[in-house]
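The structure appears below as structure tokens.
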Amino acid sequence: MFRKAFLLVLIIVFAAFPCLAQQSKTVSTKLESRKLESKLMGRQLSYNVILPSGYDVDKTSRFPVLYLLHGLYGRFDDWAMKSNVRENASGFNFIIVMPEGENGWYVDSATDDKNKYESYLMQELIPTIDREYRTIDKVNARAIAGLSMGGYGSLKFGLKYPEKFGFAASMSGALNATSFSKDVLARLSFVKDSIDKAYGEGDTKTRLQNDIFKLVQNLNEGQIKSTPFIYLDCGTEDGLIDTNQNFAKLLREKKIKYEFRELPGGHDWKYWSKQILEVLQTAQDNLKTPTQTGSTSVMTTIPTRKINPSIIEAN
């Protein structure tokens with residue numbers, strides 16, 4: 001039991017040092033790197049933005065947004081540098097925003113007042129993106145996704161802010177971040193430090209409020225109806241497969257709209273580079289959001305969807 005948990009935590013960390021990263025080919029999208037002076041965090045935070053190929057063609061067009069989160073020991077530029085997200089994004093009309101989450105598990109830290117990652121994203125970054133880019137500022141035009149730590153973060157944001165996100169996706173999510181074994185964390189200080197700094201030690205209020213299993217369990221019938229569509233996938237060789245299976249089971253029991261895929265693969269950039277296309281396609285399918293051109297709405301043209309061989313279940 002300990003060995004399995006030990007390996008599970010290790011793969012979350014080592015994902016930050018990929019040996020199989022796939023670089024982008026020539027694409028028609030545009031990549032911008034920016035910084036935001038955060039009053040909540042007391043420092044500048046970087047973020048990347050991928051603009052769709054049609055963004056500069058018609059200055060009256062407005063576009064849906066996908067927020068794409070990195071993993072533990074990752075950076076805001078991981079997705080752009082280590083995956084083929086730009087190549088895959090060229091077939092869609094999403095503005096893709098990749099924020100800096102450091103190692104904060106996308107929560108307002110229980111131990112450091114200057115590490116308010118959740119408040120930063122919701123209160124500062126999203127309003128900034130909606131102000132500086134031609135976004136469609138509506139729930140059915142805003143999605144969030146991520147890998148590993150970012151997969152946990154994306155589902156947490158979707159569950160806590162259903163009025164903001166119409167779609168939430170997790171790839172290889174560390175969905176049990178709030179409940180890693182104390183015995184395991186005691187032997188893995190490089191992970192324990194980030195967990196304890198984010199949630200505090202023991203059953204803190206922050207830990208309980210950000211346990212996504214509890215968030216789902218506590219949803220009433222009315223809240224379930226407003227919950228965004230949830231997509232999650234995990235590689236069959238990934239040590240996080242069990243927690244993803246358990247979360248999918250809980251979604252099924254609560255009759256929440258979701259799709260879960262088990263696919264061949266591990267906890268690495270080869271897997272995520274492949275799955276980001278599925279996330280983009282599933283987000284497009286479920287948001288059903290047109291690109292707005294002036295007063296007219298024109299549906300986005302997307303590639304024909306090719307389903308990867310996998311175990312698929314859905315509500």
* Within region 177-189, is there a residue that is buried (at least 20 other Cβ atoms within 10 Å of the Cβ), touching a residue at least 12 places away in the same chain (Cβ under 8 Å) and small (Gly, Ala, Ser)? -> yes
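Can you pull out the residues in region 110-124 that are more than 15 Å from the chain's Cα centre (by Cα) and crowded, with 16+ Cβ neighbours inside 10 Å?
Residues satisfying the conditions are ALA110, ASN115, LYS116, TYR120, GLU124.
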* Does LEU215 count as more than 16 Å from GLY101 (Cα to Cα), in contact with a Leu (Cβ under 7 Å, 6 or more places away or on another chain) and surrounded by fewer than 21 Cβ atoms within 10 Å (Cβ to Cβ)? -> yes
* To do: Would you mind finding the one in VAL97, VAL107, VAL65 that is under 16 Å from the mean Cα position of the chain (by Cα), buried (at least 21 other Cβ atoms within 10 Å of the Cβ), farther than 27 Å from SER28 by Cβ and of a type outside the set (Lys, Arg)?
  => VAL107
* **Among (1) out of contact with any strand residue (DSSP E or B) (no Cβ under 7 Å at 6 or more places or on another chain); (2) at pLDDT 95 or above; (3) more than 23 Å from ARG86 (Cα to Cα) - the single one GLY239 does not satisfy** => (2)
* Do we have ILE256 as in contact with a helix residue (DSSP H, G or I) (Cβ under 7 Å, 6 or more places away or on another chain), at pLDDT 95 or above and β-branched (Val, Ile, Thr) here? -> yes
* The lone exception for LEU175 - which of (1) at pLDDT below 95; (2) closer than 18 Å to GLU253 by Cα; (3) among the aliphatic types (A, V, I, L, M) it fails -> (1)
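The values are calculated or read from the model by the stated rules, or taken from the named source; none is laboratory data. All values derive from a computational prediction rather than experimental measurement. Quick reminder, even Gly has a Cβ in these numbers, built from the backbone with ideal geometry, and neighbours come from all protein chains shown.
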